[in-house]
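> Shown below is the structure under consideration.
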Amino acid sequence: MIELIKELCAVPGVSSFEDEIRARIEREIRPHASDVRTDAVGNLIAFKRGAKRADHPLMITAHMDEVGFIVKKIDDKGFVRFAPVGGIDRRTVIGKKVLIGKHRIPGAIGLRAYHLVSAKEEKIVPDIADMYIDIGAADQKQAQSLVSIGDEIVFDSDFVEFGDGMIKAKALDDRIGCAAMIHLIQKELPIDCAFVFTAQEETGARGAFGATFSIRPRIALVLEGTTAADVPSVKGHRRVTCAGEGPVLGVMDRGAIYDRDLFERLRHLADNRGIPWQTKRFIAGGTDAQAIQTTAGGVQVAAISVPVRYIHTSSSVASIRDCHHMVELAEAFIHSVAEDPGAKSE
Amino acid sequence: MSNLPTLLTSLSSIPGPSGFEHDVARRAVELMRPLTDEACVDGFGNACGILRGTQPGALRIVIAAHLDEIGFIATGVEQGFLRFSTIGSVDPRMLPGREVTVMTDPPIPGVITCLPPHVLSEEEMDLAFPREDLFIDVGFSHEETVTRIPVGTPAVYRAGCFPLGEDLFCGKAMDDRACFCAGLLALEMLQNAALPHDVVLLGTTREETNFGGAKTGTFALDPDVCLALDVTHAETPDGGPKNTDCVLGGGPAVGYGPNMTPRIRDALIAAANAENIDIQREVMPGKSYTDAWEMQVSREGIPTAILSLPTRYMHTPMETISLSDLRAMADLLVAFLKQPHGEEVAE
Amino acid sequence: MELLKTLQELNACFGPSGEEKEIRECIRRIAPGRIDEVRVDALGNLILRRKGSGPKVLFAAHMDSIGLIVTHIEKEGFLRFGNIGGLVAENILHATVRFKNGVRGTIVPDQSADRTKLSLNDLYVDIGAESEQQASSLIRIGDTAVYDAPANLAGGRIISPYLDNRISCIALLWAMEQIGESANDLYFVFTVQEEPGLRGAKPAAFEIDPDYGIVCDVTPAGDQPGSKHYGSSSLGGGAAIKVMDTSVICHPDMVDRLRALAEAGSIPYQNDVIVRGGTDAGPIHTTRGGVQTGGISVPCRYIHTPQEMADAEDVTHCASLMAAFAMSRLPARS
């Protein structure tokens, strides 16, 4: 699992630039799926036959895309001006290394040296519109020969195992979810499932609409990464979730109220198997569930998420144990739904 | 038809804020009728014109430009003056002393109030009026106003278009009726083209509020490719390269970003290059705030692109465009539509 | 069906967004008149159909209420919470709340919070527990709570929690009582999850695919002292015919039709424009290829506080207007 997460995190895939990560995932899953296709927005949809047929497959999703940036302009001195794609805290952007475009041109998000910054200025973080990337070009013309307007800009950050079972990488949100899905699709499953690796989640759950409209599931399980703010300067409920304390079961976020019955089901499954779990202590964020839940005739949604510290930065951190527990609980959920769909509608 | 200033003036002058586009939609249908096989106002209020292709079962390409404009709506009467709220995103600094047309039948002219300098303090003079402190003066007594103008009556900026210099044109609702005109010019040029695929020009409603027309119109048409035409910001002395991507006269802008499917965008660029049409590029990193945002996620998702017309002073009564940019946009549409398009849609 | 009694009955049900089971079952039980089909969909919307051969009309009133959700238990036994739907700190301060299992508590501020800039993050629910352990024996994280306040008549008006949207549910139920012969195919939908984002109506409307939609909700009145006029209606001014809210601008034909019906039936009405607040009419009017949708609303003061106020006559007029629409001749959708 860790090797797979490492490999997936290394592949670039900013929202709407998912070709490479999609191809990488497709290679892994093709031998295990009965039908694989890519749709108009870029979702990768794979059907896996299970022991039991189902009129409506169980939909399981994780998003392929990561947050990043896009080239807006190449200025007259050869520096690259850029904009964020997805939600990025601009306080985590300066002084980071990035790779631009298909040729992965290295760049440094530059800033005026500390010595040249006044005491007043050091308290303020510039707008991203005022930031720039240095690709070492001699002038505008040379820069334009290396990168283009509209090019993908991705964080350059390696994979590190450290501490007591912790990992650091870019894009743990949501390559962890993707890795979990790859593990699940390789197993013998008790029921027909539709595995959807969605595109453009970070820009507003954009892929999930069309995938759901096409598949029309009754139940959907979202596998995600979610904020963990369990650091000393944050107290109590503002910690949201804690890395290492188990996967997070979805109750409510800004985009959706998760199906109560499915939440209770996950809670029981976890308790019965001794899988640690937690819930978000602060209502924030959103997942593909916000698009899935109200598409077409409606879907009962559930979510299992891994807590990720410093989410949406180049150095996100998660616990390996949480990742394993996510897969374990998701598998238990699939078996449970196969046995008893617990259809809500009458 | 090809007299662009006349066409622009005619569409611009019809009051039609979001939700009240009936008259604009009717005029749009009249203009499309001679250029299409079928033109009508659809169930939601969008103006829809279809130029059928020669092959049955060929692709359906929908080009959308919105017909609605921003405006106002009466919410009450106070001492004969109309209390009002806004429809769409209205810059409050445009309001004091502004002439408006209240959409009663017949229309009633009005002026948005402003306080004269001598009753304001020095600090107050520097600030824009909050919208809640403004009223529309219609010149009637309280009873007359209550009778003539029920709560819920819409209003728009007073109409009026004029040329600026040789190439520029200025008036209200260039956003987005200028782009609809580009669509009409394109349909004109395609009259005998005998394309294999269906081309639909969709004059959408409610773009300025909730993109409702694009959402419902696209669902009803179930297209294979969508192209949204809208305006984008052009440089001004106080809005330089940091805030804007384009200049007037530089040609239409092709959009880059998550809301634009690369192969459709690239097809536009290829068409421009083939016909030597100057284009600009515009990067939209997230929500594009155009009809394309809804079109892209309709049903199972649709390949979508955005083509923009550079505009100064957006959302004011003085929106300013370049006529040569507009003609170039129409030329580019024609070149794009003449392409085969089979591969962009195939998986 | 008497107003105060029915309101009390509905308010006794637990029904915050996402947990509408109790209120759904209550409405299903008391729904009057002929009902040919009952359906509950994946999200929990209650769909009651009275079949007809004519155009499909969808009447929608949301049955969920705003509430709180427990997110964290402090070691002293105080509960941290998030909002379900729109909650404003100053409106809920010192309100009594009750959980599904009957536990009660009161909403209190952190003693060191800045009282001039109070936010929900400064508040706790005090359920009288002395420790985290004791609190955990009473409620769990993820449990939800609603206002626990009485409903009373005051003059010709009613003061109660959850007039948003129980008063409108009652108006719709009264309309169902009054509707006689109708050629139209009528769907009475009590929707879920309106408060957190107009969520339930969207899939319900998609499935039904109606020709017309009428939404019954409360609408903020603009008739209190110092009002900033976020709403144009007044208590006692009659059924509020919706022209615009933040989620919809009603099609002029629909607005004209409702006005004409009100005039013909001598039903007092007022034109309603609000600049804050959206309704189920938002998602309904943009369903599939579009649905001509109107709103018939009960003007209401102090919305989302524990004690909202509405005029009893306005409720009657809303019911009459909805019934009139249900029985009217409607052209088939183009």
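> Per-residue mean of other chain beta-carbon atoms within 10 angstrom of the beta-carbon, peptide C:67-73? Before the final figure, lay out the partial values.
Details: counts 0, 0, 5, 3, 9, 9, 3.
Mean number of neighbouring Cβ atoms from other chains: 4.
> Ratio to report: Rg/Rh of the stretch B:158-255, with Cα atoms as the point set and Rh obtained by the Kirkwood method; give two decimals. Intermediate values should be presented prior to the final figure.
Numbers: Rg = 16.1 Å, Rh = 16.1 Å.
Looking at the stretch B:158-255, the ratio lands at 1.00.
> Moving to a separate point now. From the Cα gyration tensor of the stretch C:110-160, with a ≥ b ≥ c the square roots of its eigenvalues, which class applies: rounded if a/c is under 1.5, or else prolate if a/b is larger than b/c, or else oblate?
Because a/c hits 1.5 or more and a/b fails to exceed b/c, the stretch C:110-160 counts as oblate.
> Let me ask something else. For B:Lys287, which lysines qualify as cross-link partners when the Cα separation must be under 18 Å and same-chain residues fewer than eight apart are set aside?
Within the straight-line cut-off, B:Lys287 pairs with A:Lys72, B:Lys215.
> Let me ask you something else. Which value, in debye to the nearest 20, describes the size of the charge dipole of the stretch B:165-267 about its Cα centre when Lys and Arg Cβ atoms bear +1, Asp and Glu Cβ atoms bear -1, and nothing else is charged?
Charge dipole, the stretch B:165-267, about its Cα centre: 220 debye, nearest 20.
> So, one more: What is the packing order of peptides A:144-151, C:96-103, C:18-25, taking the mean over residues of other C-beta atoms within 10 Å and listing the highest first?
Highest mean packing first, the order is C:18-25, A:144-151, C:96-103.
> Next question. Using θ = phi - 60° and the Karplus relation 6.51 cos²θ - 1.76 cosθ + 1.60, list the HN-Hα couplings for the stretch C:269-276 in order, rounded to whole Hz, with x at every Gly or Pro.
3J(HN,Hα) across the stretch C:269-276, in whole Hz: 8, 9, 7, 10, 10, 10, 9, 10.
> Right, here's the next one. Would you mind classifying the stretch B:280-347 by shape? Square roots of the alpha carbon gyration tensor eigenvalues, ordered a ≥ b ≥ c; an a/c under 1.5 is rounded, otherwise it is prolate if a/b is larger than b/c and oblate if not.
Oblate shape, in that a/c is at least 1.5 and b/c is the bigger or equal ratio.
> Additional query: Give me the tail of P(r) for the stretch C:102-189 as a percent: Cα-Cα pairs with distance above 23 Å.
When every Cα pair of the stretch C:102-189 is considered, 55 percent fall beyond 23 Å.
> What are the principal axis extents of the Cα atoms in the stretch C:132-267, in Å, biggest first?
63, 43, 30
> Just tell me how shielded C:284-293 is by partners: mean number of partner chain Cβ atoms within 10 Å of each residue's Cβ, no decimals.
Mean partner shielding for this stretch: 6.
> Follow-up. Give me the dipole magnitude in Debye, nearest 20, for the stretch C:70-147 about the Cα centre, with unit charges on the beta carbon: positive for Lys and Arg, negative for Asp and Glu.
300
> Give the cross-link partners of C:Lys51 among the aspartates and glutamates, using a straight C-alpha distance below 17 Å as the criterion and excluding same-chain residues fewer than 8 apart.
List returned: C:Asp36, C:Glu37, C:Glu177, C:Glu181, C:Asp185, C:Glu207, C:Asp209, C:Asp211.
> Right, next: Can you tally the net charge around B:Lys172? Count Lys and Arg as +1, Asp and Glu as -1, for every other residue whose Cβ sits under 10 Å from the Cβ of B:Lys172.
-1
> May I pose another question? To the nearest whole number, what is the average tally of beta carbon atoms from other chains within 10 Å of the beta carbons of peptide B:18-29?
1
> May I pose another question? Please tell me the relative contact order of chain C in percent, rounded to the nearest whole number, where contacts are Cα pairs under 8 Å and at least six residues apart.
So the answer I get is 23 percent.
> Charges only on Cβ, +1 for Lys and Arg, -1 for Asp and Glu: so what's the dipole of chain C about the Cα centre, in debye to the nearest 20? Mind showing how you got there, number by number?
Values: 32 positive and 42 negative charges, 118 e Å.
For this selection, approximately 560 debye.
> For C:Tyr124, which sequence-distant residues (separation of 5 or more, or a different chain) have an amide H within less than 5 Å of its own amide H, given hydrogens modelled in the peptide plane?
When sequence neighbours closer than 5 places are left aside, the close amide H contacts are C:Val108, C:Asp110.
> A follow-up question, please. Between the DSSP loop rule and a limit of at most 14 other Cβ atoms within 10 Å, which trypsin sites (Lys or Arg not before Pro) in the stretch A:60-150 are left?
A:Lys77, A:Lys102, A:Arg104, A:Arg112, A:Lys120
> Run down the lysines and flag those whose C-alpha is under 29 Å from the C-alpha of A:Lys77, throwing out any fewer than 8 positions away in its chain.
Of all the lysines, those that pass the test against A:Lys77 - Cα under 29 Å, at least 8 places apart if same chain - are A:Lys96, A:Lys97, A:Lys102, A:Lys120, A:Lys123, A:Lys141, B:Lys242.
> When the Karplus curve 6.51 cos²θ - 1.76 cosθ + 1.60 is applied with θ = phi - 60°, which whole-Hz ³J(HN,Hα) does each residue of the stretch C:87-100 get, with x for Gly and Pro?
10, 10, 3, 5, 7, 9, 4, 6, 7, 8, 10, 10, 8, 4
> Looking only at Cα atoms, what is the convex hull volume of the protein assembly as shown per residue, in Å³?
About 189 Å³ per residue, rounded to a whole number.
> Using θ = phi - 60° and the Karplus relation 6.51 cos²θ - 1.76 cosθ + 1.60, list the HN-Hα couplings for the stretch B:142-154 in order, rounded to whole Hz, with x at every Gly or Pro.
Listing the rounded values in order: 4, 4, 4, 4, 4, 6, 7, 10, x, 3, x, 6, x Hz.
> For A:Ala138, what is the net charge nearby, where nearby means another residue's Cβ is under 13 Å from its Cβ and Lys, Arg count +1, Asp, Glu -1?
Values: positive: A:Lys77, A:Lys141; negative: A:Asp76, A:Asp134, A:Asp139.
Computed value for this residue: -1.
> Please list the non-local residues whose amide H lies under 5 Å from the amide H of C:Val215, H modeled 1.01 Å from N, same-chain partners needing a gap of 5 or more.
Distant-sequence amide H within range of C:Val215: C:Ala60, C:Gly294, C:Gly295, C:Ile296.
> Separate question: Taking K and R as +1 and D and E as -1, what net charge do the other residues with C-beta under 10 Å from the C-beta of A:Gly68 add up to? Walk me through the intermediate numbers first.
Details: positive: A:Lys170; negative: A:Asp65, A:Glu66, A:Glu152, A:Glu202.
In short, -3.
> Short version: what are the Cα gyration tensor semi-axes of the stretch C:20-62, square root of 5 times each eigenvalue, largest first, in whole Å?
Numbers: eigenvalues 75, 31, 16 Å².
Gyration-tensor ellipsoid for the stretch C:20-62: 19, 12, 9 Å.
Bear in mind that the values in this text are calculations on the coordinates, not laboratory data. Keep in mind that what you see is a predicted model, and the values were worked out from it rather than measured. Please note: Cβ atoms are built from the backbone with ideal geometry, for glycine as well, and neighbour counts cover all protein chains shown.
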